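The values are calculated or read from the model by the stated rules, or taken from the named source; none is laboratory data. Keep in mind it's a predicted model, so treat the numbers as computed, not measured. Ideal geometry is used to build each Cβ from the backbone, glycine not excepted, and the neighbour counts take in all protein chains shown. Side chains included, ligands, DNA and RNA excluded: accessible areas come from the protein's heavy atoms. Shrake-Rupley method; radii C 1.70, N 1.55, O 1.52, S 1.80 Å.
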Amino acid sequence: MIIAVGGWLAYGGADVLPDLATLAKKPTTDSLSTAFSMCDDSHRADCVVDGDTFWFNGEKIRIADIDTPELNPPRCEAERIKGEAAKSRLLTLLNAGKFSLAAGFRDEDKYGRKLRTVFRAGNSLGDALIKEGLARSWDVDRHGWCQGG
């Protein structure tokens, strides 16, 4: 049984179980901070790429517990608008004070981004974006930011 599960995970099975990737131990102290800005084609240091991805200390971080609307490219105007709002809000949240990053079940996604849950005072910043309607958790359908799916 253990060998079968290990083989399944080794050959990409973890990609279909994103909730396992978000299992993270909450850090006890928030000690990380920097002045974040928006990323652009020439600027990829301590900046926000979109509502669930940012660069920090030379590493590209994918927030592990949420999914936000796509910006590159958006599938419709409504997705672009909501995606820009999520990106702007993430910038504000990251710049609001010290935070912590927690690794989960997997260290990286298939694109080489570090999978991390972002916490402040024991609360997930991803949860804040979900409560504001700018993100959804990994365990829901990934389509639907545009009307009709």
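Looking at this structure, is Asn123 out of contact with any helix residue (DSSP H, G or I) (no Cβ under 7 Å at 6 or more places or on another chain), among the polar types (S, T, N, Q) and farther than 20 Å from Leu32 by Cα? When the stated conditions are applied, Asn123 does not pass them. At pLDDT below 95, open to solvent by 30 Å² or more (accessible area, probe 1.4 Å), outside any helix (DSSP H, G or I) and more than 26 Å from Ser31 (Cα to Cα) - does that describe any residue in the range 88-108? No: zero hits.
Within the range 109-142, the residues that satisfy the criterion of being aliphatic (A, V, I, L, M), assigned to a loop (DSSP other than H, G, I, E, B) and surrounded by 18 or more Cβ atoms within 10 Å (Cβ to Cβ) are Leu134, Ala135.
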